[in-house]
């Protein structure tokens, strides 16, 4: 059986990281498969080392700590890959907790489908008293897919995924570090995989929970992320210098902005609960139109580090 490594990038989330790690330690049904875990600490202060050391005795697998002080989501993932030579790589975010059969389900799905990258469902968990947008936010931080394990047409985000290193993660640094501050490095990775003829799979029983922290469980954050998601198709076409496709996506985005923007306004005036969904669609339409550099939301890396320094300066 091929070894598999679980990569968990983290930045100053000790409680969340501890929960994610313990969920990996509790995995079942692996039938003796070699498993390792790599935690990539993306905090320049190296604050995750204490959490890793505190739970090390509980880990039934090889557990490695890697400090990558340059803040950035792509840089952190590349650093984790440099720490292991495992041919199968599973990604779990530090705000996620895996079900006990998670890793075994991803592995079964890869074997059943022959896919280069396999994804699983996510149950979104948001703080209590989130307000009128609670249902939308819970769905936003979740992920749904087919009811059975099968091949699918498109990839999802890296969190809760399993990839074949040789085909899905080529080279020493497959994640584009130009996306360190904005995210979208996984979209670019999967677009390139699809262009090479790669295949995507879905593991219907590889469940994880994602616990949105209070500062993210807001409409402002969700709409900024939705805008960034909308930028993806236009940016991918622009990187390929496929300008007719760029124009097509911009026209689609403009139409979506007009239609869903009008729906958002109307539903907001009557305080309809679906208004959050219409706002999301409007933001994604706008992202297709304003895909250029300078319009990209800065959600990760140095921006997140500055936010953390502002709320807990003693950790800096």
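The values are calculated or read from the model by the stated rules, or taken from the named source; none is laboratory data. The structure displayed is predicted, hence computed values, not measured ones. All Cβ positions, glycine included, derive from the backbone under ideal geometry; neighbour counts span all protein chains shown.
Remarks
- Selection count where residues are surrounded by 14 or more Cβ atoms within 10 Å (Cβ to Cβ) and either more than 20 Å from residue 237 (Cα to Cα) or touching a residue at least 60 places away in the same chain (Cβ under 8 Å) (or both), scope segment 252-271: 6
- Test: residue 203 is in contact with a strand residue (DSSP E or B) (Cβ under 7 Å, 6 or more places away or on another chain) and either buried (at least 22 other Cβ atoms within 10 Å of the Cβ) or without any contact (Cβ under 8 Å) to a residue 60 or more places away in the chain (or both): yes
- The criterion of at least 3 residues that are modelled with pLDDT under 95 is met, among helices (runs of 4 or more DSSP H) falling completely within segment 168-274, by 185-195, 219-239.
- Residue 118 meets the conditions (1) touching a helix residue (DSSP H, G or I) at 6+ places or on another chain (Cβ under 8 Å); (2) surrounded by fewer than 17 Cβ atoms within 10 Å (Cβ to Cβ); (3) under 30 Å from residue 215 (Cα atoms); (4) at pLDDT 95 or above in every case but one. The failed one is (2).
- Residue 155 being under 13 Å from the mean Cα position of the chain (by Cα), farther than 25 Å from residue 3 by Cα and in a loop (DSSP other than H, G, I, E, B): no
- Under the condition of being free of Cβ contacts under 8 Å to residues at least 12 places away in the same chain and under 16 Å from the mean Cα position of the chain (by Cα), the residues counted in segment 128-152 number 0.
- Residue match in segment 69-92 (condition: out of contact with any strand residue (DSSP E or B) (no Cβ under 8 Å at 6 or more places or on another chain), farther than 27 Å from residue 189 by Cα and either in a loop (DSSP other than H, G, I, E, B) or assigned by TED's automatic domain parsing to the domain that holds residue 164 (or both)): no
- Residue list for segment 1-15, restricted to those being part of a loop (DSSP other than H, G, I, E, B) and either within 15 Å of residue 71 (Cα to Cα) or in contact (Cβ under 8 Å) with a residue 60 or more places away in the chain (or both): 2, 3, 11, 12, 13
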